[in-house]
Structures are given as C-alpha cells and as structure tokens.
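To keep things clear, I will list the structure first and then write my remarks on it.
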Amino acid sequence: MPREISLRDDVAKGAVRTVNLLSRLASRGSGTVIGGRVGLAIAPNLLADLARSRDVVLVSGTNGKTTTTAMIAAGWGVAVATNSTGSNMPEGHVAALVASKSRSVVLEVDESWLGDVARATRPRVIALLNLSRDQLDRANEVRQLAERWRALLADLSEVTVVANANDPLVVHAAELAESVAWCDVPTPWTTDAVSCPRCTKPLHFQDNSWWSDCGFSKPTDLVATFDDHLHVRGTSLAIDLQLPGAFNEANAAMALTALSYLGVDLNEALKRVNAITSVAGRFSLRLWRGHQLRLLLAKNPAGFSSMLLTLKSDGADVWVAINARVADGRDPSWLYDVPFELLRGHRVYCFGDRRLDLATRLDYANVDYVLVSDESSLPASSEVINVLANYTAFQEWRTRTKAC
Amino acid sequence: MLTIALIYPELLGTYGDGGNAVVLAERARRRGFEAEIVNVGVDDDVPDATIYLLGGGEDGPQRLGADLLRVSSFSARVRDGNFVFAVCAGLQLLGTSFCVEGDDEYEGLGLVNAITSRGETRSVGELVVRVDGRALVGFENHGGRTTLGDDVEPLGRVEVGRGNDGTVDGFRTPGLWASYAHGPVLAMNPWFADKVLARALGRELEPLVTIADQLYDERVGALAP
Ligand SMILES: [Zn+2]
C-alpha cells in the first residue's frame, strides 16, 4: 500500500475515534455515525482498507438483519467486530471496524448499500434474508433492489451467498452468484413476490414450494432444511431460542448456515445462539411507570405480521406505537397491509405521532382500541404487556423505559 | 348487496391499496347494507361488481395488469355502467397510454382520454387536492405526468404535491373516478369515501361518525396550505 494512502487512513481512523468520543461526550446520537462520516470524508477507501485481510460476513434483507447479525456475532465464539448499534451504512461499518481490530467481522448492511459495502469489504459470506416493502416513500421498489443485488452477486468472486430459498426475490437476486447456499427457512410473507421477478407473470405457491410458468422456481439443492430440527450440511441442530417467533428461528437458521462456511463448530455455535435473550433492546423486558413491557420492533408489513403471529390469543392488552418520521418513512399507508384483524379479541392502546392513523385502521378492522392521549391514565396491570412499535417509536420506548 | 371487486391485488396493491376496499365495505355495513369484498386474482375472470378498485403497482406488474384487463370483460362491464375507483398505476392504465420502464407509450385500456408520460422527476410526498370545495388529503409516489383530454374533468385542483401535472389531480367521468393519492386515501378522507360509496350505490347516505373524522381533521390541520 502506498505510504501516502496509509498515512491518510491513519489520520482518518484517528478522526473516527476522536469524533465518536466527542460525539458520545456531547451525548449526541450513539457516537458511531458521525465519526465514520468524518473518516470516510478524509479517506474514501477507508472501509476497504479497514476490511482488508479480515473474515467479513455481511447480512442484508428487509427484516431480521440486526437479529441475524447478533446471532452470527454470538455464535462465532471469538471476538467479533460488528455494528451492533444498528448503524448499517458505510459510516457505521467504518466505526465498527475502527472500534475493534478483530479478524472476525460481521456487519448488518442496509439493502440499498449492499453493493458498495460488498465491493469494498470483499466478504467471505453474504447472508440474504428476505426482500419486502419497507419505507415506500423512498421509492426503493423491491423488484429494482433485487435486480441490483443480482448484478452485484453475478460479479462478485470468492464469496458464498447464504440465501433464503423461500423468497423468490432473494432467489432471483442470488441465483447467478458463484457459490450459493440455499436455505429452506420459514417465510410466511410472500406478498411482494406474487408476480415473477423474471417474467412478471403470477407465481404459484403450494406445499412449501413455488414456481412460475416461465420455469423460475424454488431451488432444490437445499443446504439447510427444517423439520423438528435444523439440518445444515449434515449436522442436525435443536433450535431452542429464548427469542420469540418462527421468524427468529429462520434468522437462527441463516446465521448457523453462514457460520458453517466459516469453519465454526455448529453445536457450540447453537448453544451460544440459543442463549441470546435480547438483541439491541428488542424482546427485552422493560419497566415504565409500574408497567412491565416487552418491546417489539415492527416496522413494515412483513415484520409486523411476523410479530403479530407471535402474540398469544389470550386477549391481553397490546400497546402499539406508530410514527411516520423520516427514518420510519413518511407514508403510513403500509398499516393497511398489516393484518391487524389478528388482534380481534385484544384491546389495543394506540400511541405515537400517528396514533389516529392506527386507531382508524383498527376501527376498520373491528378491533377494540383506545386512543392514548393521556399516558398517566393507563390502567395498571401485573401482566407483561407487549409493545409493538415502528422504528423511531421503538427508540422512544427504549429511551423512556428502564431495564427490568 | 354491495360487491367490491379488488382488481389483481397481487399486481396492483403496492401501497396498502386494499385498505380502500375495507373502508368502503365497513362504511356500508355500518349503515345496514350487506357488503362483500372479492379479490380478483390474475387467473380469475373479472366478475360483475358494484365497484371495481384499482391500486398502484410497480412497472412490470402495471404492464401485466393492463394486458390482463385488456383481454378480460372489464372494459365491457365498465361501459355497461359498473363503477371504478382507481389510484396511482390504476389511474394510468385506464387512460389511452402510459409509460413504463422500456416503453414510452404503452397502450392503456382507453376508457378515458388521458395520456401519461414520464415526469421530469418522481413525485413522492403529501398530496392535497381541492375536491368539491373540500380538501382531499393523501400521499403520492409516482413518476408519471398525466394530461387529460379537453372533455375530461379532473377530480380536483392540486394544493400540495403534483397529482397529474402540478395543477390538477385525477379525473372524474360518469363511470370512472381516479386520484394519484394512493393507498388508503378513502381511510384518510371519510367524506370522500362516502361520496364514492354513494355513487356506487346510487343513493344518498346517512352521516356516519367514526374515528376517521378525527384523523381527517388532524391531517388537514397538518397539511392544508
Ligand atoms: Zn416467470
């Protein structure tokens, strides 16, 4: 490496640390994004230089990125550099790689940044979870995103793509990659892929399989499959997560398959993954004004549906908080793509900037709702209450609550 | 019986557009009408219905939707007097032509004299349209610029956002109403939902008070210029 560039990198790395420290001291943000941004401005190749000679795993997809990344980091069983704060664009990646010199790296990557980040970091493994609608006002139409991934992966060498075989958009994106490990994981949400990514004609879904008349169909050479166990490349694993829901089992399957390509002992990895109780504050028990709350992040139709399916039909009160700020997407139309009808029989308390949009949605779904304008008048309860919140609403509830 | 046919929700339903069907059905039921929602899939023939709803979609699905509708009984049923409410891509494909990726002039159904060309920019954001003296509030996300024939009445005048061309939004013919306000525009505008419902049922409706009235007041307060 020419001396001039490395000097520039050193300056940049120093800048990342300094700015992050100052930012934390001034308690602005989590102190990862700003430093990374400064570093990249000083040395645009910083990410590539920081990733050189390291074992990099990238995780992308609409839902489950943070959890799967955390599972890979925990399952690996060594010190790992990772962007656990959820800053999933290059400035966050730079910050993570400056903060830890570990050879093992796992990074959660925003879907639209996967190309840039993969070309810079030359990953050994890329895990692609799913693709569905998220933040429509950014005009990131999912089919275009799948096309961009496809072009990237056709081009990238020395990488194994661990891909969800039940998501037609992911299969379209990954099928040209040099090496693909298809995973047969539970994927209930396929509404965004009902029309074939190849020919736009309808896709048919039946008996855990799918196909289009043009010949595009679910891959049959599966590397990971589920029955009562997860089977990954000849190893049978009993998944027994502390985290709720079938979607987290799917995340675990993707994580363990990714780890199998890094030479990690899967039985040991499984123990560590099974032991995870909370990811970036999600699923954890929190306290607020005498209420015991379980915070659940649910920020788009697919994620929200998965989360609703984890709720027991016990009629317990559910709190839901909806915002529509820039980070959430300014358009709350997606509320009508969420099957809120599943909440019939529960009473739903509506919070957040857009609680009237939520209340209207629930009213039309004939779900019992309470519009919460005065939080001091909430009824006391000895039960743990599930709180479903979209992105910025979740951050608010994280901040206002205390650990149990 | 009010039959609401949701046309190809798997192709034209990108932005919560199915919500419009739920809103119409509920507002009818709460006034004592029987109502049913029929999802018309791509393999189904278009059934007789009181109202057809067309939603938004990405380029490929929009083109496929137009092709399927062209060879279906849809246009004949519309000419027979079945009523249509369309948003976004649904609006575009009712016209004479529209543009999708790779095709600058794709043939529409030609049920209304309206041509959609590519806009200079994509229009993403809040949309407010003055319709019969009231504000219609919603959200738009499209790259089209729609020009109406001289004989076609727009739905209303644009106050915030772009709509067809920055001046007017949508259109209103005896059998077709359309707006660029996508997704559950009828959820946000209960008065307009009732206008659509009254037109579909061919009768005046009793007032109906719901939480949506509060939502509407809040959105108007937040958006109206
Ligand atoms: Zn096909």
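The values are calculated or read from the model by the stated rules, or taken from the named source; none is laboratory data. Given the structure is predicted, the values throughout are model-derived calculations rather than measurements. Reconstructed Cβ throughout: ideal geometry from the backbone, glycine too, with neighbour counts over all protein chains shown. Heavy atoms of the whole protein, side chains included, go into the accessibility calculation; ligands, DNA and RNA do not. Shrake-Rupley method; radii C 1.70, N 1.55, O 1.52, S 1.80 Å.
See the values below:
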{"item": "Failed item in (1) within 21 Å of A:LEU287 (Cα to Cα); (2) within 14 Å of chain B (Cβ to nearest Cβ), with A:PHE351 passing the rest", "result": "(2)"}
{"item": "Residue in segment A:213-223 that is surrounded by fewer than 21 Cβ atoms within 10 Å (Cβ to Cβ), assigned to a strand (DSSP E or B), within 16 Å of the ligand (Cβ to nearest atom) and of a type outside the set (Lys, Arg) present", "result": "yes"}
{"item": "Any hit, segment A:253-268, residues being closer than 21 Å to A:LEU131 by Cβ and within 16 Å of the ligand (Cβ to nearest atom)", "result": "no"}
{"item": "Some residue of segment A:296-308 being surrounded by fewer than 15 Cβ atoms within 10 Å (Cβ to Cβ) and in a loop (DSSP other than H, G, I, E, B)", "result": "no"}
{"item": "Filter pass, A:ASP184 being touching a Lys or Arg at 6+ places or on another chain (Cβ under 9 Å) and either more than 14 Å from every other protein chain (Cβ to nearest Cβ) or within 16 Å of the ligand (Cβ to nearest atom) (or both)", "result": "yes"}
{"item": "Filtered residue count, segment A:60-91, keeping only those that are of a type outside the set (S, T, N, Q), within 14 Å of A:ILE276 (Cα to Cα) and open to solvent by 10 Å² or more (accessible area, probe 1.4 Å)", "result": "5"}
{"item": "Inter-residue pairs, beta-carbon under 8 Å, first more than 19 Å from A:ARG150 (Cβ to Cβ) and assigned by TED's automatic domain parsing to the domain that holds A:ASP167 and in segment A:198-226, second of a type in the set (A, V, I, L, M) and within 12 Å of the ligand (Cβ to nearest atom), 6+ apart", "result": "A:PRO202/A:VAL194"}
{"item": "Residues satisfying the stated conditions in segment B:11-27, i.e. within 13 Å of B:LEU54 (Cβ to Cβ), at the interface with chain A (Cβ under 9 Å from one of its Cβ atoms) and not in a helix (DSSP H, G or I)", "result": "B:LEU11, B:GLY13, B:THR14, B:TYR15, B:ASP17"}
{"item": "Any hit, segment A:363-385, residues being open to solvent by less than 20 Å² (accessible area, probe 1.4 Å) and in a helix (DSSP H, G or I)", "result": "yes"}
{"item": "Residue count for segment A:68-92, restricted to those that are at pLDDT below 95 and in a helix (DSSP H, G or I)", "result": "3"}
{"item": "Sole exception among (1) away from chain B (no Cβ under 14 Å); (2) in contact with a strand residue (DSSP E or B) (Cβ under 7 Å, 6 or more places away or on another chain); (3) open to solvent by 40 Å² or more (accessible area, probe 1.4 Å); (4) within 16 Å of the ligand (Cβ to nearest atom) for A:ALA173, by number", "result": "(3)"}
{"item": "Single condition B:ASP169 does not satisfy, out of (1) modelled with pLDDT of 95 or more; (2) surrounded by fewer than 24 Cβ atoms within 10 Å (Cβ to Cβ)", "result": "(2)"}
{"item": "Residue within segment B:194-205 that is touching a helix residue (DSSP H, G or I) at 6+ places or on another chain (Cβ under 6 Å) and buried (at least 21 other Cβ atoms within 10 Å of the Cβ) present", "result": "yes"}
{"item": "Residue in segment A:100-118 that is surrounded by the most Cβ atoms within 10 Å (Cβ to Cβ), counting only those that are touching a helix residue (DSSP H, G or I) at 6+ places or on another chain (Cβ under 8 Å) and over 30 Å from B:GLY16 (Cα atoms)", "result": "A:VAL106"}
{"item": "Residue in segment A:196-204 that is closer than 27 Å to A:ARG119 by Cα and buried (at least 22 other Cβ atoms within 10 Å of the Cβ) present", "result": "yes"}
{"item": "Among (1) closer than 22 Å to A:VAL194 by Cβ; (2) surrounded by fewer than 22 Cβ atoms within 10 Å (Cβ to Cβ) - the single one B:ARG77 does not satisfy", "result": "(1)"}
{"item": "Residue within segment A:337-344 that is surrounded by 24 or more Cβ atoms within 10 Å (Cβ to Cβ), in contact (Cβ under 8 Å) with a residue 40 or more places away in the chain and farther than 27 Å from B:ALA21 by Cα present", "result": "no"}
{"item": "So A:ILE34, is it open to solvent by 20 Å² or more (accessible area, probe 1.4 Å) and assigned to a helix (DSSP H, G or I)", "result": "yes"}
{"item": "Every residue from segment B:128-148 that is out of contact with any helix residue (DSSP H, G or I) (no Cβ under 9 Å at 6 or more places or on another chain) and within 14 Å of another protein chain (Cβ to nearest Cβ)", "result": "B:GLU140, B:GLY143"}
